[in-house]
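Just so you know, all these numbers are worked out from the coordinates, no wet-lab data involved. Everything numeric here is computed off the predicted structure, so don't read it as measured data. Note: ideal-geometry Cβ built from the backbone for every residue, glycine included; neighbour counts use all protein chains shown.
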Amino acid sequence: MTQVLDRSTLEQRVVINGTWEQFKLIQKAVEDSPQVKLSFFAGAIEIFMPGFQHENFSEIIGYLVTTFLLMKGVKFYPSGSMTQEKTGEASTQADKSFCLGGVKSIPDLSIEIVYSSGGPRKLLKYQALGVPEVWFWEDGTLRLYHLRSNGYEETIRSELSGLETLDVELLKRCILMGETNLSEAVQVFQQGISIVGE
């Protein structure tokens, strides 16, 4: 008999008040637990263990963005959920991140899957880190934010070199398709990229 899991209940998130020093102690304690994601900003320590649905969308989006970059011949380094940190001020692990052109300590693009805490509120943390562009997948839609001199501004397309020709509407459709059939979603996405390139 197959057991069906309630995917939404598998995600766990705890937010506590704490100092940078306390955050670093927790970070050290969970360093052998890759399923635990940590972040720190403005005296708040977040401990997060993503569920299936969260990780599924993360993988789908990461795969589609990688497909686009490969098809366009863009030099890139996928940096997954690596820790992005500014000592004493901010630390986070995006669900997916990409360095374009070369390896960097702070990636050019960070992507977050948002289920239980609002994406735009997280922008201050990414601003402190200096991440040029942040994407949020929330409630079936993708929102893009590009860093300006006075903070992030929502934009309808990526402004990163190598991603500026990405059809965001096509990407959104294929992300939703990917939830039920990733193979078909990738084929539709590749065809869409090829048509634009012709």
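Packing-based ranking of 57-68, 171-182 yields 57-68, 171-182, ordered from highest to lowest mean Cβ neighbour count within 10 Å. Over the residues of the chain, the helix contribution to mean residue ellipticity at 222 nm works out to -10000 deg cm²/dmol, using -39500 (n - 2.57) for each DSSP H run of at least 4.
Take every DSSP beta bridge whose two residues both sit in the range 72-153, then give the antiparallel share in percent to the nearest 5. Once the DSSP bridges in the range 72-153 are tallied, antiparallel ones form about 75 percent. For the residue pairs K37/K75; K24/K96; K28/K125; K28/K86; K24/K122; K37/K122, the alpha carbons lie more than 24 Å apart in K37/K75.
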